[in-house]
Amino acid sequence: MMMTNEEKEKIIIKFTPLINSIIVKYHSSIHDLEFEDIRQEVLMHIAKKLDNYNPNKAKVSTYIMTISKNKLINMTKSKKNKKETPISFNEDMETKTLFSDDSIKDLGIDEVVNTLEEFKQGVIRMIMEGYTQTHVSKIVGLSRQRVNQIWFEFVEEYKNNYKGKGEWFNE
């Protein structure tokens, strides 16, 4: 059902407190925009989506709440939203090095690490330098679970291709 701009404006004004309360819940998860910018994007999205509103399917408040939440969820998942932190190896940071340069060469670890995508290489090297998976996840902007998955994939690849050299993985 097509609405006029005046009708859309009246609905948006009426439900502004609801919209603002939803935005407040998601604001801290959207890193690249200020509250007012987020609010503007949500309001523009609602204005576009109100043309699709069907009063037979839902109340207007339910419809606005749903499309607001969906827009905010999409904004949190947006690639623009990810805080990109370059991987840097801080020499001053205290870490427990798991391997010496010689043991990495002897075990053939570098051969496997070098076959990985560049960002995965950085993740693996940081873990091998003694960074915790939680710390690595914060540095590279991935979840701790994803960092763990990258480590596990590396370990499996190493075990499968370098049998007998990877006893340290079984510790």
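Since every read-out is calculated from the coordinates, none of them should be taken as a lab result. Values in this document were obtained by computation on a predicted structure and should not be read as measured data. Note that each Cβ is placed from the backbone with ideal geometry, even for glycine, and that neighbours are counted across all protein chains shown.
Multiplying the residue separation of T16 and D32 by 0.36 nm and removing their Cα-Cα distance gives an extension gain of 3.5 nm. For segment 5-81, a Kirkwood hydrodynamic radius built from all Cα pairs, placed in the Stokes-Einstein relation at 4 °C and 1.567 mPa s, yields a translational diffusion coefficient of 102 µm²/s. The packing ranking of peptides 55-63, 23-31, highest mean first, is 23-31, 55-63, where packing means the average number of other beta carbon atoms within 10 angstrom of each residue.
Cross-link pairs exceeding 20 Å between alpha carbons, from the set K25/K48; K8/K71; K14/K49; K25/K77; K14/K69; K8/K77: K25/K48; K8/K77. 3J(HN,Hα) along segment 40-49, derived from phi through the Karplus expression 6.51 cos²θ - 1.76 cosθ + 1.60 where θ = phi - 60°, amounts to 4, 4, 5, 4, 5, 5, 4, 4, 5, 6 Hz, with x in place of Gly and Pro.
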